[in-house]
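S.K.: One structure coming up, written as structure tokens, with questions to follow.
The values are calculated or read from the model by the stated rules, or taken from the named source; none is laboratory data. Remember, it's a predicted structure, so these values are computed and weren't measured experimentally. Heads up: the accessible areas ignore ligands, DNA and RNA and are worked out on the full protein's heavy atoms, side chains in. Shrake-Rupley method; radii C 1.70, N 1.55, O 1.52, S 1.80 Å.
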Amino acid sequence: MVLVTVPALDGLRPQWREAARNAGAGARQYWRHVALPVLAPSLLGGFVLLFGSAFAAHATAAALVGGSVPWSP
């Protein structure tokens, strides 16, 4: 997740924050209307990678035990 999102955070330009500040936006409005839409694809991609990794780990464990161990309590 860090490898996917850090380059996107570095891609946020300081000029965008300055422009939002000059337009009268506060920090919360900047993050909501400027930064979050720019970071959304990166965050979504990171979540998909994390979900895929967790799903693969669970499927591998389930395949190794062959259904002999109950997973649910």
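S.K.: Using the heavy atoms of the protein chains alone and a 1.4 angstrom probe, what is the accessible area of the chain per residue in square angstrom?
M.R.: 79
S.K.: Oh, and also: So what are the ³J(HN,Hα) numbers for the range 41-49, from phi and the Karplus equation (6.51, -1.76, 1.60; θ = phi - 60°), rounded to whole Hz, Gly and Pro as x?
M.R.: x, 5, 5, 5, x, x, 5, 5, 5
S.K.: Helix-derived [θ] at 222 nm for the chain: sum -39500 (n - 2.57) over DSSP H runs of at least 4, divide by residue count, nearest 500?
M.R.: The per-residue figure over the chain is -22500 deg cm²/dmol.
S.K.: Relative contact order of the range 1-59, please, whole-number percent, based on alpha carbon pairs below 8 angstrom and at least 6 residues apart.
M.R.: Computed over the range 1-59, the figure is 54 percent.
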